[in-house]
Structures are given as C-alpha cells and as structure tokens.
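Undergrad: Below: one structure in structure tokens.
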Amino acid sequence: MDVRDAAGRWDALSSRDASSRNAAMELIQQEVIKKIESIGPMPDPQCSSPPPTMDDSLSSDLNALLAHVLMLSKRCPYEDVREKCICLLQRVQDVGVRIPRPVGNGPSRFIPEKEVHRVSTPLLSQILQVSKLDERTQSIFEDAFAVLGRLDNISLVMGFHPQYLESFLRTQHYLLQMDGPLSLHCRHYIGIMAAARHQCTYLVNLHVNDFLQVGGDPKWLNGLEEAPRKLQALGELNKILAHRPWLLTKEHIERLLKAEEHSWSLAELIHAVVLLTHYHSLASFTFGCGITPDIHTDGGHTFRPPSLSGYCVCDIANGNGAQEDMFGNQQVSESSGEVEVLMERMKQLQECRDEEEASQEEMATRFEREKTECMLVVTSEDEECVPSRDVSRHFEDPSYGYKDFSRRGEHVPTLRVQDYSWEDHGFSLVNRLYSDFGQLLDEKFQIAFNLTYNTMATHQGVDTSMLRRAIWNYIHCMFGIRYDDYDYGEINQLLDRSFKVYIKTMVCSPEKITKRMYESFWRQFRHSEKVHVNLLLMEARMQAELLYALRAITRYMT
Amino acid sequence: MEKMTRVSTINGRTMFCHLDAPANAISVCRDATQVVVAGRNIFKIYGLEEDGFVERLNLRVGRKPSLNFSCADVMWHQMEENLLATAATNGAVVTWNLSRPCRNKQEQLFTEHKRTVNKVCFHPTEVNMLLSGSQDGFMKCFDLRKKESVSTFSGQSESVRDVQFSMKDYFTFAASFENGNVQLWDIRRPDRYERMFTAHTGPVFCCDWHPEDRGWLATGGRDKMVKVWDMSTNRVKEIYCVQTFASVARVKWRPERRYHLATCSMMVDHNIYVWDVRRPFIPFATFEEHKDVTTGIVWRHQHDPYFLLSGSKDSTLYQHMFKDASRPVDRANPEGLCFGLFGDLAFAAKESLMSAPASAGDVGRKTYPGGDRRYPIFFFKKPDVTEQFAQVSSALSVFESEADSSAGMDWFINTAQSYLLSGKPFAELCEHNAHVAKSLNRPQESTTWTMLRIMFSEPANPSLSTNHNLNKSGNLPLVNSFSMKEMSGALNERNKENRQDNIHSLETNLNNNDENEETEGSEGQAEYLFVDDELDDDELYSMEHDNQPAEESEYLLPQEAFPLRHEIMDHPSAPEPLQEKQESPHVSGSEAESMCLTPMESFSLISVSQQLFSPHLPPKFFCPIVKEMLCYYAEQGDVQMAVSVLIVLGDRIRKEIDELMQEHWYMSYIDLLQRFELWNVSNEVIKLSTCGAIMCLNQASTTLHINCSNCKRPMSNKGWICDRCHQCASVCAVCHHVVKGLFVWCQGCSHGGHLEHVMEWLKQSKHCPAGCGHLCEYT
C-alpha cells in the first residue's frame, strides 16, 4: 500500500474550513466508488471469481480505505465528516461490499465507552466518544486532528483531562515534527525502539506507519541489526533507561558520544533521550489504561460479522488474557467505604503532623523501608512473558528487565532530589541542548503534578495534594530517588497494597497489567480519576528516567 | 552603622583548598577572616590566612549523620560574629553559636517548614531577627530569643527560592519565587505583600539588594538573565538586563563598584562572571578555576572589591584575586551585524579586521571607514575613565541588495495566481500567502502576512500550528534589534547607516534621546544603537517600495565575522537567537524584542517586561495599524497586497476602512488583473468583494444567446432542450454524451462538446467533428 499517497488524500479532511472538508469528502467518496467499480460488479460473493491476484491487491486497498472511513466515522472531531462517513459506509454496504466494524468497544478496554454516559457529574460529561465534547476538548481534538490526520486512542482517553492533553500534544508534536537535531524518521524509529522495549504493540504499529510515511527505510523495520550502527548503539541506553536507569553512568554516555563516525552529538543525544523516556512512559500509560488499537490499524477493525465467541484481537496481541473480564466484578462489594477511609487518613496526617515529630533516623529508615518494601510488592504474574517475535526484533537482550533498586549485595547510592532536580538542573540542560523543549516539558510536568479537581470519587472539595505527592514520590522511590523533606511514612498510610501492585506493575513492567489489576485498586473511584492516576504515574516515571539520564550527561560534561 | 574598617588589612592571593565534599553555600564573617562552607556532607569553618586556607572548626559532629546537617544554605551573622544559621534540605532551620563551650555548637532548631528550606537570611542590623524561605511557599521570621517563629508570610504561590533583607530599608525584604515572581514584604505586615511583579520566565533563583543604591534589586533566573530593578519609584522598573550563558544561581553586587555584579550558574557553566550591567554583552571579568558548577560566591569584605570567595560542587574553596581574573574583552573583536528591512545587511567591525580590500565577489558592498563624518548617522562617544574598557574604532560595511533587475510585472502575475483568498481558515491563508510572497522574493509582504496571522489568530487557542510558526518566525527578520556589540569604550566608535529606512528609525531613537545626530555620548550609555525594525513600524516610515528584497544567500560573510567563542555566540542577535526568543512559546511577536533590547534609560521600550503586549490583546487593538499598512501598500502602487489583505481579513478590518476607498482599491486591482488577462482571479476577487459596486460587476451582461446544434435555430426557452426539434442541444459532437460542465462550441455551426474532446479532435482535423463540413473556429 502506498502510504504516502493515501496520506495526501486524507489531509484536506482535517481543515477547519467546512467547505474544503466537504470537497475532500466528495473526492474520497468517488475514490471508494471507483475502487468498488474496478473490482467488478460482483455483489454476490459466492459465484464470481475474477483473477484472484488482481482482486486481492485491489480489495485490500479498498479495505484499507474503508477501514479509514470507519475510523473517521467514529473518531473525526467534525460532525459533518462523521455523518458523511457513516452514509458512505451505508452506501457501500448497500452495494453489497463487506464493510468493517470496529473491534472492541471504545478506545480503552478498561473503560467502557457506554458506562461513562450515565455518570452525570460535569467532569465526566466529556465522554470517550467524540460526539459530545465540551468546547475546549473539541478544539484540542481538532488541532490534533489537523496535525496528525487522526485522533489516536491515547488522546481520546486523555481527553478526560483536556488541560493536560493540550500540553501533552504540544510536547509530542514538538518532539516528533518540529525542528530538532534528529531527522524525522529517526525520531519515529527511536519511538519504535522504546515502545518495543515494553512490547507495546500499539505504539510500535502506530510509529511503524509514521516511520514509513516520513520516508524511513523499510529495511530498518526488519530488526535493529538492519538499522545504522548509530541507532544500534542506542540500544544499550534504551535497555538501561527502560528498566534500571540508576545504572546509567557517564561511561555509557561517553561510548555514544565518542564512537568515531557513528558518534552522537550532545544535542542529538538529548533529543533521543527525551524520545526514549517519552515512549517508555507512554507505553506505561498505554498498558495502564488498556488502550485498544486504533480503528484503522490492523487489529482495530474486522470484516467478520459480529459473533459472540472470541476475544478481541487486541487483547491477545497485547498479551493480556481477556478472561480477566469475568473475574473483574467479584470483589466490588467488599470495598465500600474505601474512599472514606483514605480521606480520613489524609485528614489525620494533616493534623497530627505537627505533634508527632519523627526523628531524623526514623525518617531515614522510613525511606529505606519503603524502598525495600516496594521490592516485596511482587507483580502478580511473574512468569516470563515472552515478547512476540515481531516486536522484539526492535531491541536486543529481551531478558533484561526491571530489577529492584535495592537488592542486597549491590548498593547503588540514592539520588537526592536536592542535589539533582528537574527544576534546577535538568531543565537547564535540556533547554540548552534542545532549545525550548525544556519549557514544554516543564509545563507538562507541572500540569501533571498540579492537576486536580478537588474531588475524590463522590466527594467534592478535597485537597488531594497529599495523595498526589505520595504517588509521585512512591514512584521516584522505586527508582531510588529520595526527597529529603518528605516523610515516607505517609506513603504507607495512603497507598494500599493493591494500588501499590498496580503502580509497580505499571511503572516497571507495564506489559503485565491486566484488567483485574486495573479494577482492583480504588474500586470506588471514577475512570477519569484512574486515568488521572495513570497520567501521574507516566509523568513521574518519565521524570525519574530523565533525571538519571541527564545526570549522567551532566557528569560526562563536567 | 558601617564602621569603615578600611580594607588595607586584607592581603592575599588567588588560592584554594580541597574540601571533603561538594559545597552548597558559603558565607564570610564580618571581619573577613573566616569563611564557613556548607553542603550536604560538609559543614566547616576555614580561616583565611595570607597564604592559604586553614581549617578551624568542623561543625558536623556526632556519630549518626542527621539531615539537619545537610545544608542548602548558610549565613554568617554580620553583627554577631559567633552566630550562624543554616537551611537544611529536610526543612529545618538551625542556628549555631560558636561560643558554646561544647563540641556541638547547635543552638536552636526550628522545624516549622514542611519542605526544604532554600534560604536563610539574618537582618543586617537587627541581631535577633532571622528570615527563612522554603519550598513549601512560606517565609518565616524568627526571633532568636524565642522558640518559634514570630510571623509567617505566605507567598500564595510556589516555592520561595531566595529571601533578602533590604540593606537600606529596615522593614523591607524581597522574596523570589519559582513561578517567576518577586515580592516585596514589610516585616510588620505578614498578611499581604507590599508589591509583586513578574521578573523572569521560570524560577527566580536569587536576588540581591544593591549595597549603596536604595531600591536597586538584582534578580537572576533560570531564563539565563540577570535583571536590575529600580523599586524606588511607584512602578517597578527594569533598568538593566544582562543576558548570561546559563541559568543564574547566585548574584552578588560587587562592593564599591556601583555597576558591577558577580554571577555564577547552576548548570553547565562553571565560571564566575563579573558583569558591568551597563555593558551586558560581555563579562567584565571571568574566573575560570572551578571544574564543576559554582554553588556559592561571596565578596570577602563588604568594602573591598578585589577579593571573591567561591565554593563549588567540585569540592574546592577558592579565593579569587580580581587582578588575576581573565578579561574576555581583551580577546574579543567588537562587531555588529544587522538586517535591514529589505534584507540588506550592515556589518561593523574593528577597523584592523576590515582592512582587507573588498574583493570582487562582494556585490553591493559599501564600506565606510571609521571616523568618516560625511554620512548622516554616526556616534561619537566621550571616553569614560571609570570604565575599564578598551576603545575601538570600527568600520562599517553595508551589503545592499541589487535592485531587482527582472523587474517587469512577473511577480504581480505570479502572486495573483498563487495567493489564496478564501477556502481555508484564516491562519492557513495567511501562512500560505506568506510562503508565496517569500518564494517570490518579497520579504516585506511575506512578513506582513505572518504578522497579520499573529495579530488576528485567536490567542485563546494557541493551536499546534500557531506555535509552530511562531517559532519559525524567529528566523524571519521580523524582529530585529540591532545592537553594536559593544565593549569598546568607544571613543572612536562610529556607526553609520546609509539606508534611508534605517535613518528613519534611528532618528526616531535619537529623538527619544533628546539628541540630534551629533550625539555626543549621553552619560556613556548611548553606545548602543538600535534599529528597531519591527514590522509594526514599517508603515510609519515612508519607504521606497522599489527597493526590492535581497538574496541573503549572496552574502557570504568573512569567516572571522563570527567569533567562535561561545560568549559571543550566545548573544541574542548572534546566530542562534531561537533559544532566547522561544523561552515563552506564547509570546506574540512583538514581545520577543523586549528580551534582546538592553537598557537605555531614555528609551521607554526597554523598561517593559513581557507584559505590555500580552497575547490577550483583542484583535481590535491592531486595527489602526493594519489600516495604516493597507493604505501604505495602496499608495505604493501595490494595490494587490491591499486588496488581498482586505479580502483575507474580511470582517476583521472592513469596517475600519472607508467604503469608497475600498471600492477604489478593488477597481484598480480588477483593472490590473484584467489587463494581465487573469480573468479567473479577477472574477474571484469580484466574487469575494463585499462592496456593492464591485459585486454587481459580475451581474452585468450575463445573457448568452445560443443556437440549437441540431436545427440551427436560436434557442428561446431555458434549459438545454430545443423546443423546436426536441433534442438535447448539449451533446458532445465527439463522444455523443450529454455534456455536463465545461461546454465549448463553434459559433459558426453551433456544434461542440467537451473541451478536451474538441481540443483532441482539432489536433487531427480542422473540420467540425459533427461532420457538418464547417471549418470550425474556436477563439
């Protein structure tokens, strides 16, 4: 399939001008009709059998086209295009051609598309369907659509939090499309490498398409060994960053920067590091929210008629058993009052903070305890999950995984935030070598950290800052980053075990997330709040990785 | 108060000693004989001897390391020589008394802050008053005689990065914040700050009151700038701005030197710089000894400008002698570079560098040797003995673009055909047209389109694409600020501009200075020359439109024009201006300039920090300017531009402009278009116009008399069915299908058909395709 040609066709649809959208739609309609006609007048699938080879390529072309139309009919932020697409599909079906239908329901497997309708709070009236949006989200979606020609499921799920989404998209756009030291196809390739590290089929597929579209060499996709040496050298960094960033030293950096003709420049390296961390954490988010494949990509739609049996293709592709669904609802009943308990604890902590002053040693041991304890939080399925072949070719050493920060024997010194923080140090380094990007990242981190609606489940007017900070610091703690001024005892009070399991799985080995895990923490909370948690986890993880990478680079530079 | 313990007692040399651990902060005692170094793993007092540092005391005692010892900041009391205070990373504020008899000198421990304490500060004259600023957003004032804080000040915002008591005003202190604000507080009123202003984009890491000038406050931020503010007036005014090379971690005024201050950076750059704030482009002096970032700097004695102490992450403590500092000025070549409005380039450099005769390849280059007074604009500056800067005589070259030789009207036709006037959202139209103008080598028009987009795009919706283009626009000569890269003391520095437009703008500036062209150095500050080419001003000066754009690629500057040292490369107008301009992605174009302008008291633009042109200005604000611009274009004869802009802007501007004037423009443009046989474009313009008189041009003579192709008789009724022979008249003679769309027919025999079919046919035969034998003629 000629990807570039296809892309040109859809471009005009993303215009903000209704009439040019109309014209583009007209063209697409003609294209579809032409394709159908060229396949031949064979409404009856049983009897006709024209030359098979010819037909195959043609019909797969048509199918791709139809799949895209289907995607538009569901996901396009413009109402007129959606309607026209539905009409078109209907017409095509009337002619007797099989039309695709979306697999699964909605952009996320964990969050039912429909259920969200029923909830009537203002927050949740922004639903996971593009049809009823508030103005702000609508305009963000339109922007995203204009730039990418699609609205991916990640954006849709993030649409719960438009403020964040806006910043996220801006950052991602800058990272992938704007001026930067790396060439466009390299950026996508690095994205593929990073996502593949976590076996995130969704992101890999997304960027394989983009990679080809910007003129990347298809040979590279056969595996990392086919890519240039320079990119191969990045494999090591990718591996360490994804799983054990604290092991990163300035020697790693030096190896990349001083490799004769294959060496990286500092600016390129920063760009690559940001890309890697971005996609590692995005992979976490993708799994954490159970993002399903986009409708127009493989696995996002099917031409088979709906049947009752069978799991979604995507579930299998992502390595998550779909049978989880059935167990999901078992424990719901026992957990009422969970929210109230949590709120009570927060209040207590707030009040008694002044009275009970823990000694210095006590504070230090609390951090150590939390550190070792997070090691004991074992992710439920520990069996080796073998990455599917087609994804694993993008990286080397598939057995390398997250290893707990504080293992007996090897002692890695803790990183103190007061000595190397994002605000003071990381920002300046990034901004210096990759102009302006620090600003965007800084904004994104701040929005993620400060985002709150002062609600908790059904309760209004709650100050959640303490909870958010506990989550953020817990993740950093897992990466061995310590805040001198934080009492790690709070974490134990606020985060219960199932939540910790979820956090740890999502941050350290996101591919193992299951629907059950998603459902078993914070059962009374809303989906939007769980997405919020996911955003926090994702950003905290990204910052932690970045801190280690940037520290290594700083050390190399001094 | 300040006893003038004259400084003759201090001797020394540049020296250093190794510490056991990285330092976070240092402080000296009042008599300049001892220095305290504090860090995460170190807290020691060193004596300053003539030939080296001597360790006097280790305050880190006890077996178990406590976080209370992990210091973010330290301050030695300036009145009471036994008293010290530290800010701990865990949120504690600790005071230490050296006169305590036991080994543990810790006196008091305040654990009121919830987060890391970033800064502690003793009152300069009040013995028992201590102030702290913390990450949790609170500042607390302690009375050392009490166990608890006496008052708490809430910044209502993010973390406090620095607090400083004013040297002159007993009750005042300044606090700087992570969100870029600086607040002034009265120590007696903890409920509300007295003043607040935004000083930087991003965190303000440090601030320092001027030791002499009441109300002068220097602030340094992550945006790499040091700004000096004057608080003595009603409105806080930015009086100086220094662009440094990395985020500014500390700033300290130099004693006894009114305009000097020292800075060090938090990341990347390990040097300590001493700046003369009046000469913000090149540091006055540099200390390059440290191998890792410098974390603390302090002048050894408050009346001695020659000794600077510094601590660093590389675990060393240095005493720098001013006479040993390196002076970047000595190694630099003063140069200035500026783009003119039409893509011309002016370049001034030291005469000795310019001595090589202009080679034949330099097309359009004019040179003006230094000291030539024939030209209308030049500067002549009185030497200022107090400034220790070398004087330089420079020569100016102007690279002019050649007049567009292929004048003609090609550009008109091309432009008319490629402009998009409707069918897309406003921003995209502007963008497209800017591209068209640019590709046709008309930078002024191109820039105009870009400006229009910025002005009228909705600020509430900074879409991805808007952002994108704003960044891009940094490359256009959209906002040029021309500054002589000074460092010359410049007795002989003269700058001449020969371009008329530049003269205009210069004169404007000069008039601002209340001086005419014979400017004889106004208190030593006028050596910066600004040519403010911002587009808004374009229309104000009447310029000759014929000066067509330059091809910048033609000008290959001599290699040495760009000094390869990084000091100079970081200058805002140096080749990588993007970095600075993009600090705040949302600034509208007109703000970007305020960043690179440097202070000149009489030049009002400069005291403006970014807020003046906030992105929230209503589009209406720009209407007068745009109107003026349209008139300007029309007057220059470029009615095309005027009409195109008028159509694209539509309702945004229409009401502002006289109806008759609009009509006049439209008529002229349509007339021109028709002369060039651009019928389609002219029709489009007519269709898109909103003037009644223009639109009706399309309505005249719309009747078409036709004959039936079968019976050759005139068709009377409407539609394509002949009422006589009842045949469809619009059948293609070639393919015999009914023609929908473009129909062409011979006026002789009434036969015709699809345009492409007939064209195809006529290639082979001159006869009518219908077989009627007529020799068809098509016009």
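Undergrad: Give me the net charge of A:CYS289's neighbourhood, meaning all other residues with Cβ under 9 Å from the Cβ of A:CYS289; Lys, Arg count +1, Asp, Glu -1.
TA: +2
Undergrad: Same structure, new question: Taking amide H atoms as placed 1.01 Å from N in the peptide plane, list the residues 5 or more away in sequence, or in a different chain, whose amide H sits under 5 Å from that of B:ASN707.
TA: Here the answer is B:MET715, since their amide H atoms fall under 5 Å of that of B:ASN707.
Undergrad: May I ask you to give the percent of accessible area on the range B:23-331 that is carbon plus sulfur, with a probe radius of 1.4 Å?
TA: 44 percent
Undergrad: Once R0 is set to 51 Å, what does the formula 1/(1 + (r/R0)^6) return for the Cβ-Cβ distance between B:ARG675 and B:ASP213, expressed as a FRET efficiency to the nearest 0.05?
TA: Efficiency at R0 = 51 Å is approximately 0.15.
Undergrad: Calculate the all-directions average of the projected area of the range A:204-250's alpha-carbon convex hull, and give it in nm².
TA: Value for the range A:204-250: 4.1 nm².
Undergrad: Return the distance in nm (one decimal) between the two label points of a simple spin-label model at B:GLN636 and A:MET343, each offset 7 Å from Cα along Cα→Cβ.
TA: With each label placed 7 Å out from Cα toward Cβ, I get 6.6 nm.
Undergrad: Here is a further query. Quick one: order B:TYR633, A:TYR483 from most to least accessible surface, probe 1.4 Å.
TA: A:TYR483, B:TYR633
Undergrad: Given Cα pairs under 8 Å that are at least 6 residues apart, what percent is the relative contact order of the range B:23-331?
TA: On the way: 895 pairs, mean separation 30.0, N = 309.
Over the range B:23-331, the number comes to 10 percent.
Undergrad: Right, here's the next one. Which of the listed residues, B:LEU217, B:ASN58, B:GLN319, is farthest toward the dipole's positive end in the range B:23-331, when Lys, Arg count +1 and Asp, Glu count -1 at the beta-carbon?
TA: Result: B:ASN58.
Undergrad: Under a point-charge model restricted to the Cβ atoms of Lys and Arg (+1) and Asp and Glu (-1), what is the dipole moment magnitude of the range B:23-331 relative to its Cα centre, in debye to the nearest 20?
TA: 540 debye
Undergrad: Restricting attention to the alpha-carbon atoms of the range B:23-331, what are Rg (one decimal) and Dmax (integer), both in Å?
TA: 18.1, 56
Undergrad: Keeping all protein chains in place, calculate the accessible area per residue for the range B:23-331 (probe 1.4 angstrom), answer in Å².
TA: I get 33 Å² per residue for this part.
Undergrad: Tell me the GluC sites (Glu not before Pro) within the range B:725-779 that lie in a loop according to DSSP and have at most 14 other beta-carbon atoms within 10 Å.
TA: Hits after loop and neighbour filter: B:GLU777.
Undergrad: Subtracting the Cα-Cα distance from 0.36 nm times the residue separation, let me have the gained length for B:ARG192 to B:GLN747 in nm, one decimal. Don't skip to the end; give the middle numbers.
TA: Details: separation 555, 0.36 × 555 = 199.80 nm, distance 8.85 nm.
Using 0.36 nm per residue and subtracting the Cα-Cα distance, I get 190.9 nm.
Undergrad: Nearest 100 Å², what total accessible surface is buried between chain A and chain B (probe 1.4 Å)?
TA: Counting protein atoms only, the buried area is about 3900 Å².
Undergrad: Return the loop-located GluC sites (Glu not before Pro) in the range B:287-342 (DSSP other than H, G, I, E, B) with at most 13 other Cβ atoms within 10 Å of their own Cβ; answer none if there are none.
TA: Hits after loop and neighbour filter: B:GLU288.
Undergrad: In nm, to one decimal, how far is the modelled label at B:MET15 from the one at B:CYS102, with both set 7 Å along Cα→Cβ?
TA: In this crude spin-label approximation the distance works out to 3.5 nm.
Undergrad: All other residues with a Cβ under 12 Å from the Cβ of A:ALA544 taken together, and with Lys, Arg as +1 and Asp, Glu as -1, what is their net charge?
TA: My count for the surroundings of A:ALA544 gives +2.
Undergrad: Sticking with this structure for a sec: Just name one of B:GLN164, B:GLN108, B:THR86: the one whose Cα is farthest towards the positive end of the charge dipole of the range B:23-331 (beta-carbon charges, Lys/Arg +1, Asp/Glu -1).
TA: Result: B:GLN108, furthest along the dipole toward the positive end.
Undergrad: Now a separate question. Report the label-to-label distance for A:LYS34 and B:GLN156 in nanometres (one decimal), using points 7 Å from each Cα along the Cα→Cβ vector.
TA: 6.4 nm
Undergrad: Net charge around B:GLN747, counting only other residues with Cβ within less than 14 Å of its Cβ (Lys, Arg = +1; Asp, Glu = -1)?
TA: Computed value for this residue: 0.
Undergrad: Next up: Could you give the length gained by full extension between B:ASN82 and B:LYS168, i.e. 0.36 nm per residue of separation minus their alpha carbon distance, to one decimal place?
TA: Details: separation 86, 0.36 × 86 = 30.96 nm, distance 2.38 nm.
Once the chain is fully extended between B:ASN82 and B:LYS168, it gains 28.6 nm.
Undergrad: Using only the heavy atoms of the protein chains and a 1.4 Å probe, how would A:LYS512, B:LYS291 rank by accessible area, largest first?
TA: Descending order: B:LYS291, A:LYS512.
Undergrad: Which residues of the range B:222-260 show a drop of at least 10 Å² in accessible area when all protein chains are present, compared with their chain alone (probe radius 1.4 Å, heavy atoms only, ligands and nucleic acids excluded)?
TA: B:ARG222, B:LYS224, B:PHE245, B:SER247
The values are calculated or read from the model by the stated rules, or taken from the named source; none is laboratory data. Please read these numbers as outputs of a predicted model, since none were measured by experiment. Virtual Cβ from ideal backbone geometry, glycine too; neighbours counted across all protein chains shown. Areas reflect the complete protein model, heavy atoms only, side chains present, ligands, DNA and RNA absent. Shrake-Rupley method; radii C 1.70, N 1.55, O 1.52, S 1.80 Å.
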